[in-house]
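Quick notes on the structure that follows.
Throughout, read-outs are computed from the coordinates displayed, never taken from laboratory work. Since this is a predicted model, take the numbers as computed values, not measurements. Here the Cβ is made from the backbone with ideal geometry for all residues, glycine too, and neighbour counts use every protein chain on show.
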Amino acid sequence: MSDIKKKKVKMLTYGCQMNFSDAERMTGELARIGYEETEDMNEADLIMINTCAVRETAEDKVYGKIGEIKGLKRQNPNLILGITGCMAQKEGEKLIKRAPHIDFVLGTNKIQQVVATVQALENEEARHIVDTAINEAEMPEDMAINRKTALSAWIPIMYGCNNFCTYCIVPYVRGRERSRLPEDIIAEIKEVVAQGFKEVTLLGQNVNSYGKDHKKATFAELLAMVDDIEGIERVRYMTSHPKDLSDEVIEVIKNSKHICTHFHLPVQYGSDNMLKRMNRVYTVAKYKETVRKIREAIPDCSLTTDLIVGFPGETEEDFQQLMEFIAEIRYDAAYTFIYSKRSGTPAAEMPDQIDDECKHQRLNRLMELQNKISLEINQSLEGKIMEVMVEGPSQNNEAVWSGRTSSNKLVLWNHGEEKIGDLINVRITQPQTWVLKGERV
Ligand code: SAH
Ligand code: SF4
Ligand code: F3S
């Protein structure tokens, strides 16, 4: 290794955990040809923007960054700029037309090409490289991984999405569903446990359809296998599509020792009319039935969701139904989004697009209701002793540490002797909307 000149890569990642996982694999591979990671764009020899296309705001941020880097390239003509991720897949060649200082564009199924691409540019074999082909038979196995997290390791279990919700760009930029082999997943988890990780998060756009392609294991079977891995403390997974969350999955979680008691079950909307237009496949009644089963099996679980307001054709009546639904289900937390038009998706062509002011008003009304519910649920935890996995110092105060409960609640307490990764008990003394403050017992 000593004859390899050390170079620096700055990796900027936007979007979901799958993108963060892809980034760990790309920087892992780049380390093999001498690239060390840096946080400072100014000292980088290679800058990569690993992009998200799920909403327009995500894309705007990336265009902003691309513009910023133009000046750096003037100062350092050898600097290489690459765009990867979902916008790279979606825009391809067009990115370079718009910003010719971009050197390469690699699509979502090409992360394993990163080393060959960077080397070709270093050796001046090409001026620009664009590769956005999706060959679904190819999965990024056997890549080196430069894990960035300390506590919880990201483990992709499947790639792509087959659901084509009418608002969503993901199926177009991530290709069809394909599941990794159970043995490859288990081997990766054993490896991270041996490295000291106590928690894993299994990743996929719809983990409940895991294994429907290769039929080597269902998601329920995979969860049971992961739960049995020696040394694992906590298992999380995302995202779980309500349409095919099976009774077996609920049963496995109920009987497991390590699978977290947190269900993130994005409903997106609370009226049948809208669910149908969104192509979510389930009805409000079916969703409620799933929630009932979960809460019956695992009474102290937490439940969170994603919601979209301002989808085309949303009437005041639909919105009222959504508010009533939220009041009835009582989520622990909800990630609320304003509908963002994605060209190429069916919803972009639908009539009755909602104007911005109305979208914002509905978002505010929804958030107000949800925040009230989140606070009430958290207040009911006052005085309870909860098991927390220690994550480290909190954002604003070195002396106050944070961690999470199995139900994924963020807990803060005054730091004593505990170390990162410890499981400790905290008595909740000051519950708030987003965090629970407490004391170690
Ligand atoms: N596969 C996951 C979601 C991935 S995208 C699932 O089905 O649950 C994460 C969230 O972004 C979605 O749950 C949805 O709420 C939101 N989202 C997706 N497309 C959107 C759009 N066009 N506008 C606004 N929000 C969107
Ligand atoms: Fe998008 Fe729907 Fe697929 Fe989730 S399930 S990624 S929302 S198309
Ligand atoms: Fe964004 Fe792609 Fe993830 S569009 S949310 S980075 S799959």
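Some points to look at:
- In loop segments of region 356-386 as defined by DSSP, the trypsin sites (Lys or Arg not before Pro) with at most 15 further C-beta atoms inside 10 Å of their C-beta are 384.
- Charge dipole (Cα centre; +1 on Lys/Arg Cβ, -1 on Asp/Glu Cβ; no other charges) of the chain amounts to roughly 380 debye.
- Computed over neighbours whose Cβ is under 9 Å from that of residue 114, the net charge equals +1, Lys and Arg +1, Asp and Glu -1.
- Here the Karplus relation 6.51 cos²θ - 1.76 cosθ + 1.60, evaluated at θ = phi - 60°, turns the backbone of region 415-426 into coupling constants of 5, x, 9, 5, 10, 4, x, 5, 9, 10, 9, 10 Hz, with x for every Gly and Pro.
- For region 96-127 versus region 207-251, the gap between their alpha-carbon centres in whole angstrom: 36 Å
- Radius 10 Å from Cβ of residue 132, net charge of other residues (Lys, Arg +1; Asp, Glu -1): -1
- Estimated FRET transfer efficiency (residue 349, residue 73; beta-carbon r; R0 45 Å; 0.05): 0.75
- Going from the fewest other Cβ atoms within 10 Å to the most, the residues 241, 262, 415 appear in the order 415, 241, 262.
- For residue 169, the shell of other residues with beta-carbons less than 13 Å away shows a net charge of +2, using +1 for Lys and Arg and -1 for Asp and Glu.
- The chain: Cys lacking any partner C-beta under 4.7 angstrom: 16, 52, 86, 161, 260, 301, 358
- Distances between placed amide hydrogens fall under 5 Å for residue 415 paired with 400, 401, all partners being 5 or more residues away or on another chain.
- Region 152-198 versus region 400-418: alpha-carbon centroid distance in Å: 28 Å
- Of all DSSP beta bridges in the chain, antiparallel share, percent nearest 5: 35 percent
- Subset of 148/409; 61/148; 70/110; 61/276; 212/243; 8/65 violating a 20 Å alpha-carbon distance limit: 148/409; 61/148; 70/110; 61/276
- Debye intensity ratio I(q)/I(0), log10, the chain, q values 0.09, 0.12, 0.13 Å⁻¹ (C-alpha model): -0.64, -1.15, -1.34
- A simple spin-label model places pseudo-atoms 7 Å from Cα toward Cβ; at residue 320 and residue 247 they are separated by 3.7 nm.
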